[in-house]
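Okay, structure first, notes after.
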Amino acid sequence: MLKPIIMAGGSGTRLWPLSRGNYPKQFLPLAGKHSMLQQTLLRLDGLEHQPALIICNEEHRFLAAEQIRQLEQGAMQILLEPVGRNTAPAIALAALQACQQQDDAMLLVMAADHVFADVDALHQAIATAMPFAESGKMVTFGITPTQPETGYGYIQQGQALNGGGYSGGYSVARFVEKPDSALAQQYLDSGDYLWNSGIFLFKASRYLEELQKFRPDIHQACQDALSEQTPDMDFIRIKQQAFEQCPAESIDYAVMEKTDAAVVVPLDAGWNDVGGFQALWQISAKDEHGNVLAGDVITHDTRNSLVRSDDKLVATVGVDDLVIITTKDAVLVAHKDKTQDVKQIVEALKADDRSEVSFHREVYRPWGKYDSVDSGARFQVKRITVKPGAKLSVQMHHHRAEHWIVVSGTAKVTINDTEQYLTENQSVYIPITAVHALENPGKVDLELIEVQSGSYLGEDDIVRFEDRYGRS
């Protein structure tokens, strides 16, 4: 039976300001009402499979857990990478974990940030690949190209593999890097090349055998990292120091380009990795003028553009081939043909140590979220939403006092061991150094306005005494 392994790392820098370090594209609803992670999990419906294993970064663990909970598909394990080390080590962790839990799982490795227009075609390709994987082959899926794309790597098909109870796969002649435009056109014209999708199917034991053969250092580091596992709710924590010593390498370089067991199965399913705003425009529904519009947008004489507003009214007049993205704290305007260069803006933000590279104005936490509405010298205003039954950590601040005003719902407030309940239009004051906690005991969201005042208002001025989410 299949064991889906969902790779949910990555930062999606080409989709800034929608995608940011602490809330990257795989957790965003870019192509429908569900996030890309949720769409990936829903895409498994119709396949006979075991519960998926999600691999994500430590800082994204609560995002992943909450989005999984919303789907109501049952419990899934989330394996946390303390640091990013590319796909070969991540898949090794999954394979080792799968072998510990059962005899020999069949791993279906998929990224959490891909889109498929034809899910049935994906399922059929997986069915085609199963006999190859069961016989010990290392299967990758090659996307039938539709254009001379320079943003993807390619796989050259070798001879067709038929007989022995299976067909529909090809030997791999070679993997090739991202080509220039002329070479990409040659690949398209030849009919022998497929886009490298980064989707794989193989037995856990076979992957580990090949990894041990070609990259024993990665294999050993991952074994060491998994030797000390710390269960934490639905999360699996591994030995950080051991994993930090692991070399960073992709599965293509570490295994697939070296093994003689590689097989490629062609896949024509309307695949897109949504690697930038041009791709997002391509996969989205368009109006009669070729525009993709989302949010509060009014256009006049506007064509072939992507205009999205998450916050305010955006009006366009006489523009063509533009991408216009507005969030609560940033605006991006780019020519559609230049959107791959958005990563240069992200690099500039990093160089200037700007918070916008990592955080949105609205920040999600395991207990809910907060929106930084306003700030100035010695004050900051936030709108806080606490989910039913959730509780913030028991904490105190050295440099700021806080006022809480309840907008809706019920708040249970503890200040220096004194408890009180507040409802709509009631407020409370928390002095500097007071030990306090906030909880939502009700059945609906708690909304409140927090006004902070003091000499330092950073998020690191929090001393936690107790936290149900395991944060220090």
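The values are calculated or read from the model by the stated rules, or taken from the named source; none is laboratory data. All of these numbers come straight from a predicted model, not from anything done at the bench. Positions of Cβ are generated from backbone atoms using ideal geometry, with glycine treated the same way; all protein chains shown enter the neighbour counts.
Suppose we keep only residues that are outside any loop (DSSP other than H, G, I, E, B) and among the aromatic types (Phe, Trp, Tyr) within the stretch 1-34. Which one would you say is surrounded by the fewest Cβ atoms within 10 Å (Cβ to Cβ)? Looking at residues that are outside any loop (DSSP other than H, G, I, E, B) and among the aromatic types (Phe, Trp, Tyr), I get 23. Residue 337 meets the conditions (1) outside any helix (DSSP H, G or I); (2) closer than 19 Å to residue 281 by Cα in every case but one. The failed one is (1). Filtered by the rule that a residue be among the polar types (S, T, N, Q) and either in a loop (DSSP other than H, G, I, E, B) or crowded, with 21+ Cβ neighbours inside 10 Å (or both), the stretch 282-313 gives 284, 291, 302, 304, 305. Among the residues of the stretch 340-360, those that are assigned to a loop (DSSP other than H, G, I, E, B) and either in contact (Cβ under 8 Å) with a residue 60 or more places away in the chain or under 14 Å from residue 25 (Cβ atoms) (or both) comprise 358, 359, 360. Please go through the stretch 53-78 and give me each residue that is surrounded by fewer than 21 Cβ atoms within 10 Å (Cβ to Cβ) and outside any helix (DSSP H, G or I), ordered by number. Correct list: 57, 72, 73, 74, 75, 76, 77. For residue 97, the criteria (1) modelled with pLDDT of 95 or more; (2) surrounded by 21 or more Cβ atoms within 10 Å (Cβ to Cβ); (3) under 27 Å from residue 248 (Cβ atoms) hold in every case but one, which is (1).
Where strands (runs of 3 or more DSSP E) fall wholly inside the stretch 376-472, the ranges with 2 or more residues that are surrounded by 15 or more Cβ atoms within 10 Å (Cβ to Cβ) and not charged (D, E, K, R) are 379-386, 394-396, 400-408, 411-415, 427-430, 436-439, 446-454. If the condition is being assigned to a helix (DSSP H, G or I) and touching a residue at least 40 places away in the same chain (Cβ under 8 Å), then the stretch 35-52 contributes 36, 37, 39, 40. Looking only at residues in the stretch 101-126 that are assigned to a loop (DSSP other than H, G, I, E, B) and either polar (S, T, N, Q) or closer than 21 Å to residue 282 by Cβ (or both), the one that is farthest from the chain's Cα centre (by Cα) is 102. Whether a residue is modelled with pLDDT of 95 or more and outside any strand (DSSP E or B) was assessed, and residue 279 does not pass this test. Just checking, does the stretch 187-202 include any residue being β-branched (Val, Ile, Thr) and under 18 Å from residue 109 (Cβ atoms)? Yes, because at least one residue in the stretch 187-202 is β-branched (Val, Ile, Thr) and under 18 Å from residue 109 (Cβ atoms). The set of residues in the stretch 100-112 that are touching a Ser or Thr at 6+ places or on another chain (Cβ under 8 Å) and at pLDDT below 95 contains only 104. Would you confirm, using the coordinates I've provided, whether residue 429 is modelled with pLDDT of 95 or more and out of contact with any strand residue (DSSP E or B) (no Cβ under 6 Å at 6 or more places or on another chain)? Here the answer is no, as residue 429 does not meet what is asked. Within the stretch 16-36, identify whether any single residue is in the same structural domain as residue 125 (by TED's automatic domain parsing), modelled with pLDDT under 95, under 11 Å from the mean Cα position of the chain (by Cα) and small (Gly, Ala, Ser), and answer yes or no. Yes: one or more hits.
Of the helices (runs of 4 or more DSSP H) entirely within the stretch 200-256, none holds at least 2 residues that are within 24 Å of the chain's Cα centre (by Cα) and over 16 Å from residue 85 (Cβ atoms).
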